[in-house]
Amino acid sequence: MFLQSLPTSLNVTNAPTPPVYSDHFLYSEQLQRPYECPERPSGMGLLITGKGNCDFYVNGIRNRVHQHTVLFVNRSSQLAIRILEKDAAPTLLFFNSRLPDLIQQSLIHGDDVPLDETVDTLPFDFSFLERMHHDPDLHQTISSLIALGSNCSSFASLKADIIIRNLFEDLLKENQDAFRLSKNIHAMKAATRLEIFKRVSLAKDWMEENFHSNITLEEIAALAAMNSQHFLRMFRQIYHITPHQYLIELKLKKAKHLLDTTQQTVTEICHAIGFESIFSFSVLFKKRFDFAPSHFRKA
Amino acid sequence: MGQLTTSDFSEFKLRVNIKTTVENAYKAWATPAGLESWFLRKAVFKNEKGESRKADDPIQEKDDYTIFFHGYPDSVAEKGKVLQANGKNLFSFTFSKGCPVSISIYQEHNEIMVELFESKLPTDEQTIIRHYIGDSKGWIFYLTNLKSILEGGLDLRNKNEEINNVITA
């Protein structure tokens with residue numbers, strides 16, 4: 001992996017263009033000026049910003065990336081970049097176009113990857129991930145590669161390779177899960193299933209980020225650009241659980257984590273996860289984990 | 001100590017002289033505890049049945065390994081396979097980019113020579129920069145630490161998690 005400034009190769013006057021990478025590339029730069037690059041076929045990549053907002057256009061649709069969000073771009077999607085904020089710090093991690101197929105194959109076949117096949121042409125579909133991800137951990141992992149890219153530590157390249165492979169394995173597993181879950185949607189066309197799944201996933205990510213506040217079904221549905229009843233139906237079809245049940249599950253899991261790892265009182269935890277009634281919290285917690293919160297901590 | 005003796009970027013050889021015995025040098029490479037004493041934070045070797053080797057058990061040919069580095073979480077783990085372990089003086093395994101690394105241990109002028117040979121590296125420009133140079137730099141430090149440990153017991157590795165971007169981890 002090389003750490004490089006923003007790619008002139010994405011500019012119209014320069015060659016070569018993605019997705020013909022011989023290896024994965026990490027571009028990172030603190031901009032001193034606006035940066036624009038016209039639409040081009042993209043390699044598979046993850047786009048973040050370390051500072052400020054960056055606009056990435058994928059197939060003509062604007063995605064405003066800010067800190068803690070990660071935009072996944074599928075290979076061959078049309079990518080344009082427009083960053084007007086001075087001091088923004090975009091980071092673009094593009095993968096060798098063979099890498100995803102090799103990893104996907106190894107996930108399916110174990111270590112016996114048939115290298116004699118032209119794997120890059122295999123019909124693996126990674127489009128389920130092509131959206132904005134609200135994932136601070138993923139953001140942090142990509143940021144850690146920036147340090148490794150200009151690092152003198154022993155075997156820095158090997159460690160970067162390991163991180164990239166792990167990161168990609170996680171993403172591809174998520175893509176496989178997404179593909180499996182999307183089949184739960186009662187829609188005739190694959191493209192419709194894909195679109196619905198992406199929208200609902202985006203809203204689900206947002207719920208995971210904001211479960212501790214008072215959020216309504218209408219707010220969540222609006223993020224998915226659906227009316228609330230349609231969103232409720234789609235969410236249930238995909239995850240076999242209602243958004244409300246999912247929110248409760250998120251709150252209870254967080255409460256369990258806080259009971260495990262902090263000294264906060266049960267009342268403090270109850271409020272931190274967005275429950276107003278300690279009684280309701282205790283009842284739901286006991287139902288979910290077989291112990292009341294205070295007994296759970298003692299146990 | 002170490003020397004880079006090739007104009008062929010597909011392989012490199014490094015040698016380090018150590019005042020020790022062949023047995024001790026071999027044990028430092030071919031047991032999980034030995035590897036953790038000078039190189040790794042954690043070394044997990046499994047036999048063909050998938051059973052983990054104990055810390056002082058000799059590593060065997062065809063073992064699978066997962067290794068972890070100081071200064072990095074368990075998510076940063078390299079996996080590979082043991083290609084040869086003759087129980088005496090030869091040990092080889094897959095490493096960076098799956099390339100074989102062979103260790104031979106022999107006597108020379110009343111000292112023990114540990115010779116590391118990494119080969120079959122792709123010779124495109126990026127691999128040369130990243131792995132030919134990066135791997136040889138990494139091995140030079142760790143072979144120095146191997147010498148230090150086997151001769152005097154001083155561990156040169158950085159184990160302070162607050163410190164990074166140093167050659168000692």
Note to self: Let me see the P(r) profile for the range A:183-240: every Cα-Cα distance counted, bins of 5 Å, each bin given as a percent of all pairs.
What the structure shows: 4, 21, 31, 25, 12, 5, 2, 0
Checklist line | Directionally averaged projected area (convex hull, Cα atoms, the protein assembly as shown), nm² | finding: 27.0
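How high is the relative contact order of the range A:183-240, in percent, with contacts defined as C-alpha pairs under 8 Å that are six or more residues apart? Don't jump to the answer; show the numbers that get you there.
On the way: 40 pairs, mean separation 23.4, N = 58.
Reported as a whole number, the value is 40 percent.
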Notebook entry, point to check: Using modelled backbone amide H atoms (1.01 Å from N, in-plane), which distant-in-sequence or interchain residues come within less than 5 Å of B:LYS81's amide H?
Noted result: B:TYR65, B:THR94
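Given 0.36 nm per residue, what is the gain on full extension from A:HIS68 to A:HIS240 after removing their alpha carbon distance, in nm? Can you show the working numbers first?
Values: separation 172, 0.36 × 172 = 61.92 nm, distance 2.83 nm.
Gain on stretching A:HIS68 to A:HIS240: 59.1 nm.
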Notebook entry, point to check: Which lysines have a Cα less than 24 Å from the Cα of A:LYS286, not counting those fewer than 8 places away in the same chain?
Noted result: A:LYS251, A:LYS253, A:LYS254, A:LYS256, A:LYS298
Next item on the list: Let me know the Rg and Dmax you get for the range B:19-169 when you use only its Cα atoms, in Å.
Entry: 15.2, 43
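Values quoted throughout were computed directly from the atomic coordinates according to the rules given, and no laboratory measurement underlies them. Computed from a predicted model, the values in this text were never measured in an experiment.
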